[in-house]
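See structure below.
All of the numbers you see were taken from the coordinates with simple rules; none came from a lab. A quick note: this is a predicted structure, and the numbers were derived from the prediction, not measured. FYI the Cβ positions are ideal-geometry reconstructions off the backbone, even for glycines, and counts take in every protein chain you see.
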Amino acid sequence: MKFGVVVFPGSNCDADAYHACKDVLGRPTTYLWHKDHDLRGVDCVILPGGFSYGDYLRSGAIARFSPLMQEVREFAGKGGLVLGICNGFQVLLELNLLPGAMLRNKNLKFLCQYVTIRLENERTPFTRKGKKGRILRIPIAHFDGNWYAPPETLKEVEDNGQVVFRYCDSEGALTKEANVNGSLHAIAGLVNKRGNVMGMMPHPERAVEPVLGSEDGLVVLQSLLEKTS
Amino acid sequence: MKARRHDDKVLAHHNLTADEYDLITKLVGREPNLTELGIFSAMWSEHCSYKSSKVYLKKLPTKAKNVVQGPGENAGVIDIGDGRVVVFKIESHNHPSYIEPFQGAATGVGGILRDIFTMGARPVALMDSLRFGPLDNPKNRSIMEGVVSGISSYGNSIGVPTVGGEVCFNECYSLNPLVNVFCLGLAEKDKIFYARTDDAGNAILYVGAKTGRDGIHGASMASQEFGEDTEAKRPNVQVGDPFKEKLLVEACLEVMERRIIVGIQDMGAAGLTCSTTEMPAKSGKGVEIDLDLVPQREKGMTPYEILLSESQERMLIAARPDQVPAVKAAFAKWDLDAVEIGKVTGDGKLRCRFHGEIVVDIPVSAVVDLCPAYNRPWEKPAGPAARPSGSVPLPADYNEVFRKILSSPTIADKEWVYRQYDHMVQTNTALLPGAGAAVLRIRGSKRGLAMTLDGNGRFAALDPRTGGKASVAEACRNLACVGARPIGVTNCLNFGNPEKPGVMGQFKEAVEGLSEACEAFGIAVTGGNVSFYNETEGVAIDPTPVLGIVGLVEDIDKVVTPGFKAEGDSIILLGENKEEFGGSEYLNLIHGRNDGFPPAVELDREVAVHETLLAAISEGLVRSAHDPSEGGLAVCAAECAFHSPEKIGGDLSFETDTRPDAVLFGESHARILLTVRTENAGRVLEIAAKRGVPAGVVGTTGGSSVRIRVSGNILVDLPVAEAHRLWKKSIPDYFAASKSSL
């Protein structure tokens with residue numbers, strides 16, 4: 001498994017994702033420059049967190065026009081693995097590789113904190129090391145993480161089992177307080193229909209070493225190392 | 001006497017005295033033109049020249065074995081071993097933050113970041129020391145909301161974690177909030193860069209954002225008191241663009257890593273003027289630039305405006321001619337312009353051309369080094385009259401007092417603030433905000449970096465010398481509580497108008513006090529910032545020295561946190577509870593007064609207490625540690641329970657002749673509350689005894705309440721859940737209320 005971490009101008013979790021894949025997982029990892037047209041033969045593309053192009057217009061809105069995104073779109077179309085974290089999730093929404101859109105957090109403030117999320121679907125390449133119902137403690141850090149979709153899209157997403165993570169309390173219950181940003185159906189992460197593209201607001205790369213306070217993010221990254229069945 | 005070219009009004013507008021003007025004329029060899037006058041005005045402003053503070057700052061201890069770079073550069077540098085250094089500094093952005101809280105605070109973050117990466121260091125941590133007026137005033141809430149979102153917006157976007165800091169409230173900051181921003185970077189020791197030009201013939205390159213009319217005379221604005229026309233100064237505040245700065249960080253670090261430049265400096269206060277004079281002055285050279293080549297955002301800008309603009313996200317680079325193409329290419333990769341605007345010259349002058357004409361021609365040393373230093377008249381502050389205790393009535397209900405103190409915004413939980421800051425990006429944060437000090441792991445090493453900001457305006461108001469010492473003592477104590485030893489200091493000295501002898505006296509005393517304390521801890525001050533003129537309509541803030549102290553943790557796995565770890569552990573108090581509540585939150589909040597002596601700082605004792613704790617930590621005995629500071633012992637014990645993941649309570653008991661309110665809420669220094677497994681208590685007491693530190697087992701962890709007995713009577717007994725709720729919701733409630741009233 002070779003990882004590629006995309007660098008947009010304004011990406012700021014690129015080095016963290018790189019460190020997690022390269023140093024913690026010990027896998028070959030390379031940066032992918034937004035102006036390039038080359039995915040350098042990676043098996044999984046990670047769109048990292050940050051403020052691509054400053055996010056002055058709308059989170060992820062400009063990044064989708066990057067030259068490299070044409071390659072990523074094609075790669076995803078062929079079934080390549082794409083993981084969007086935080087701003088990367090927002091970019092995937094703007095690219096229409098995932099359904100829905102992000103609104104401002106319900107309290108209209110940036111939120112940086114640990115959250116607990118419940119694994120809803122372990123039958124994806126991103127979660128096969130986990131078990132449905134498992135509760136993960138992973139940090140969030142975003143202003144626009146309030147996932148929204150029109151009712152028919154929401155229904156489709158639910159019916160297809162595309163929801164991968166939901167915000168929950170420490171016992172796994174879906175409460176209003178636990179849904180810190182106000183996402184519809186407390187959705188914290190979802191996949192496309194085919195299951196090869198995932199976006200999630202929590203940062204798995206921030207929870208991969210004991211010194212950081214949690215290793216729960218490894219579930220996501222290590223799942224990617226498993227052989228495709 | 002011959003009439004001057006510029007009348008008194010012009011001089012007043014430029015904040016220059018007639019004597020200063022005559023000196024400028026002498027140094028330049030003729031009367032300056034208006035643009036040149038503007039240059040001197042900015043560079044000789046208090047903010048840039050430290051003219052009132054220099055004589056005292058010289059007394060700060062600035063030498064120690066680990067100091068690589070002391071004051072005088074963009075930031076201080078301390079050796080941490082293994083070929084690595086930390087680069088850190090604190091700066092104030094008080095005045096702009098009052099006028100325009102969001103942009104004022106945001107550009108404060110941008111400015112301090114540039115001071116760090118201009119040295120070749122990657123910024124890895126930010127902290128903020130904030131002071132506002134009371135939150136029941138909607139104006140103060142709006143300032144605080146603006147400042148916090150400004151910091152959040154800039155720091156989060158650029159991807160440098162805001163890992164700690166402090167927030168305090170006092171009436172004196174209502175018209176003069178304090179926004180002190182600290183940044184720390186990591187670098188390799190042999191890759192530090194300085195602000196210099198080297199040889200004549202080298203190219204001068206301008207990189208980053210274009211120059212606009214924003215922030216003209218920001219430095220002089222920060223060197224004046226505010227009056228009724230404050231609103232009119234809003235256009236003087238700069239506007240920040242964190243995205244541009246993020247690109248600038250990456251591009252600058254790249255050219256420094258590749259060593260394809262000679263020197264670099266950011267354009268902060270006084271903009272292009274500052275960098276085009278300071279860089280050549282350090283190399284004993286001059287600079288000639290063509291102002292028409294300076295990238296401009298607006299049409300029709302005058303030389304005066306171009307030179308004095310404080311537009312953000314700009315840097316000046318000196319490079320050898322053969323390096324220029326590589327520098328340009330590196331910046332182009334990040335979509336940034338690098339424009340060659342001039343050359344280094346050998347004649348020691350700053351010469352600027354505009355439309356082909358020479359519009360500035362002055363010696364750089366006159367601008368940079370020859371500003372007069374003032375030994376301003378000062379008055380020794382009137383010492384506090386007496387201990388207040390004789391006339392302070394004992395409270396009838398200690399539990400009620402405790403509830404009120406826990407709800408006081410200065411004491412209450414600051415999560416509302418730090419949750420808006422990304423404090424985890426870069427994945428080095430080993431200890432999240434909320435504890436006394438922040439801790440970062442150092443990649444590829446067992447060690448960690450600890451850092452803290454501390455100040456106490458109330459103590460300094462009562463006795464500036466003690467206040468200065470107290471801030472150092474508390475900062476070092478916070479470091480000790482996580483298991484770190486202090487290695488270096490930066491300070492931000494916030495005071496009123498130095499032209500008033502009373503204020504100058506406060507400054508002198510505070511600086512001497514903090515110098516003495518730094519010497520006791522064997523640490524050097526590597527730089528910082530003086531912010532005078534924190535007065536609005538003639539009312540000055542409490543003198544507020546804020547200390548940023550960095551420490552080193554030898555073993556990141558041994559970092560200690562404040563929360564109780566298990567039921568049945570022994571609680572030990574190092575140090576003594578004294579009858580000291582001058583300047584305390586208790587006296588201020590409950591009795592509405594701030595008088596008497598502030599708690600005394602006995603430096604020998606303070607050092608011994610910290611050494612005791614560090615020794616116990618290195619033996620692996622300590623399970624939690626926290627120091628009683630604002631709010632005293634009762635608040636300290638409660639916070640240990642709040643930080644405990646299981647919200648474990650504690651039972652404490654004190655047999656003493658000291659007044660019970662002083663035991664519970666007094667703010668005596670040199671105290672630490674720690675917990676150990678019961679079988680290890682004896683060993684800790686032994687370590688303390690060896691160092692002459694009074695220590696004793698004062699209780700046991702467990703249960704679901706914080707219960708404190710003084711001389712046999714249970715005076716404080718509150719369920720942890722209730723105490724936690726009061727502490728947690730105080731600040732959010734103020735803001736929730738302000739929304740519903742809209």
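Compute the helix-to-body angle for B:603-618: its Cα long axis versus the longest principal axis of chain B, expressed 0 to 90° and rounded to tens.
Result, in degrees: 80.
Under 8 Å for C-alpha pairs, at least 6 residues apart: give me the relative contact order for region B:563-639, rounded to a whole percent.
Result for region B:563-639 is 32 percent.
Hey, got the dipole for chain B? About the Cα centre, +1 on K and R Cβ, -1 on D and E Cβ, debye to the nearest 20?
Roughly 1060 debye for chain B.
From the phi angles alone, apply the Karplus equation (6.51, -1.76, 1.60; θ = phi - 60°) to region B:478-492 and give each ³J(HN,Hα) in whole Hz, x where the residue is Gly or Pro.
Rounded to whole hertz, the list is 4, 5, 4, 4, 9, x, 10, 9, x, 10, x, 10, 10, 9, 10.
Please rank A:HIS37, B:HIS626, fewest neighbouring Cβ atoms within 10 Å first, as an exposure proxy.
The order, fewest Cβ neighbours first, is A:HIS37, B:HIS626.
For peptide B:413-426, what's the mean number of Cβ atoms from other chains within 10 Å of each residue's Cβ?
5
On a full-extension model of 0.36 nm per residue, what is the gain between B:LYS333 and B:GLU257, subtracting their alpha-carbon distance, rounded to one decimal in nm?
Residue separation times 0.36 nm, minus the Cα-Cα distance, leaves 25.8 nm.
Can you say what percent of the DSSP beta bridges in the protein assembly as shown, counting only those with both residues inside, are antiparallel? Round to 5.
Of the beta bridges lying entirely in the protein assembly as shown, close to 75 percent run antiparallel.
Please sort B:564-574, B:586-596, B:175-185 by packing, taking for each peptide the average over its residues of neighbouring beta carbons within 10 angstrom, highest first.
By packing density, highest mean first, the sequence is B:175-185, B:564-574, B:586-596.
Which of rounded, prolate or oblate describes region A:145-229 when judged by the alpha-carbon gyration tensor and an a/c cut-off of 1.5?
oblate
Take the Cα coordinates of region B:524-577, assign each an equal point scatterer, and use the Debye formula without solvent to give log10 I(q)/I(0) at q = 0.13, 0.14, 0.17 Å⁻¹.
After summing over all Cα pairs, the log10 values are -0.74, -0.79, -0.88.
For q values of 0.27, 0.29, 0.32 Å⁻¹, compute log₁₀ I(q)/I(0) with the Debye formula on a Cα-only model of region A:73-125, without solvent.
Computed log10 I(q)/I(0) values: -1.24, -1.26, -1.26.
Using R₀ = 25 Å, calculate the FRET efficiency as 1/(1 + (r/R₀)^6) where r is the Cβ-Cβ separation of A:ARG104 and B:ASP733; round to 0.05.
0.70
Give me the one-decimal nm value for the distance between modelled label points at A:TRP33 and B:GLU298, 7 Å along each residue's Cα-to-Cβ direction.
About 3.7 nm separates the two model spin labels.
For region B:351-378, list residues with backbone N below 12 Å from a point placed 7 Å from the Cα of B:VAL55 toward its Cβ?
Within reach of a label on B:VAL55, which here means backbone N under 12 Å from a point 7 Å along Cα→Cβ, region B:351-378 contributes B:373-378.
Rg/Rh for chain B: what does it come to with C-alpha atoms and Rh from Kirkwood?
0.99
What is the antiparallel percent of DSSP beta bridges lying wholly in region B:22-133, to the nearest 5?
Counting only bridges with both partners in region B:22-133, antiparallel ones make up about 90 percent.
Could you list which residues have their amide H under 5 Å from that of B:THR700, counting only those 5 or more apart in sequence or on another chain, with H placed in the peptide plane?
It is B:ILE571, B:ASP651, by chain and number.
Points 7 angstrom from Cα along the Cβ direction at B:ASP199 and B:THR25: gap in nanometres?
Inter-label distance under the simple model: 4.2 nm.
Using bins 10 angstrom wide from zero, how does P(r) for region A:21-61 break down, in % of all Cα pairs?
Here the calculated profile for region A:21-61 is 24, 43, 28, 5.
Rounded if a/c is under 1.5, else prolate if a/b beats b/c, else oblate: with a ≥ b ≥ c from the C-alpha gyration tensor eigenvalues square-rooted, which is chain A?
Rounded, because the longest to shortest axis ratio a/c is under 1.5.
Note down the relative contact order for chain A as a percent, whole number, built from C-alpha pairs under 8 angstrom at least six residues apart.
In percent, rounded to a whole number, it is 20.
Please state, as a whole number in µm²/s, the translational diffusion coefficient that the Stokes-Einstein equation yields for the protein assembly as shown at 10 °C and 1.306 mPa s, with Rh defined as the Kirkwood radius across alpha carbon pairs.
For these conditions, the coefficient is 54 µm²/s.
Could you work out how far apart the two model spin labels at A:THR175 and B:SER711 are, taking each label as a point 7 Å from the Cα in the direction of the beta carbon, and quote it in nm?
Label at A:THR175, label at B:SER711, 4.4 nm between them.
Taking only Cα atoms, what is the 0 to 90° angle, nearest 10, from helix B:501-521's long axis to the longest principal axis of chain B?
Roughly 70 degrees between the two axes.
Rounded, prolate or oblate for region B:584-742? Axes are the square roots of the Cα gyration tensor eigenvalues, ordered a ≥ b ≥ c, and the cut-off for rounded is a/c under 1.5.
Since a/c reaches 1.5 and a/b is larger than b/c, the shape of region B:584-742 is classed as prolate.
Place a point 7 Å from the Cα of A:GLU74 along the Cα-to-Cβ direction; which residues of region A:1-45 have their backbone N under 14 Å from it?
So the set is A:36-42.
From the phi angles alone, apply the Karplus equation (6.51, -1.76, 1.60; θ = phi - 60°) to region B:237-249 and give each ³J(HN,Hα) in whole Hz, x where the residue is Gly or Pro.
For region B:237-249, the Karplus-derived couplings read 7, 7, 10, x, 9, x, 5, 4, 5, 4, 5, 5, 4 Hz, x marking Gly and Pro.
As an exercise, find the ratio Rg/Rh for region B:24-102 from alpha-carbon atoms, using the Kirkwood inverse-distance average for Rh.
When Rh is taken as the Kirkwood radius, the ratio is 1.11.
Within a 10 angstrom radius of each residue's Cβ in A:103-114, how many Cβ atoms of other chains show up on average? Whole number is fine.
4
If amide hydrogens are placed 1.01 Å from N in the peptide plane, which non-local residues have theirs closer than 5 Å to the one on B:GLU166?
The list, which skips near neighbours in sequence, is B:ASP128, B:SER129, B:LEU130.
Residues of A:13-21, mean number of Cβ from any other protein chain within 10 Å of their own Cβ, rounded to a whole number?
For this peptide, the per-residue mean of nearby foreign Cβ atoms is 3.
Residue by residue through region B:166-179, what is 3J(HN,Hα) from phi via Karplus (6.51 cos²θ - 1.76 cosθ + 1.60, θ = phi - 60°)? Round to whole Hz and write x for glycine and proline.
Running phi through 6.51 cos²θ - 1.76 cosθ + 1.60 with θ = phi - 60° gives 8, 9, 10, 10, 7, 3, 5, 9, 4, 9, 8, x, 10, 10 Hz.
Amide H of A:VAL7: which non-local residues (sequence gap of 5 or more, or other chain) have their own amide H closer than 5 Å, using H built in the peptide plane?
When sequence neighbours closer than 5 places are left aside, the close amide H contacts are A:LEU32, A:TRP33, A:HIS34.
Given contacts defined as C-alpha pairs under 8 Å and at least six residues apart, what's the relative contact order of chain B, whole-number percent?
The value is 15 percent.
Distance check, please: which entries in B:LYS65/B:LYS565; B:LYS246/B:LYS328; B:LYS139/B:LYS380; B:LYS9/B:LYS51 exceed 29 angstrom between their Cα atoms?
Violating the 29 Å limit, Cα to Cα: B:LYS65/B:LYS565; B:LYS139/B:LYS380.
How many lysine pairs does region A:1-128 hold where the Cα atoms are under 24 Å apart and the two sit 8 or more places apart or on different chains?
5
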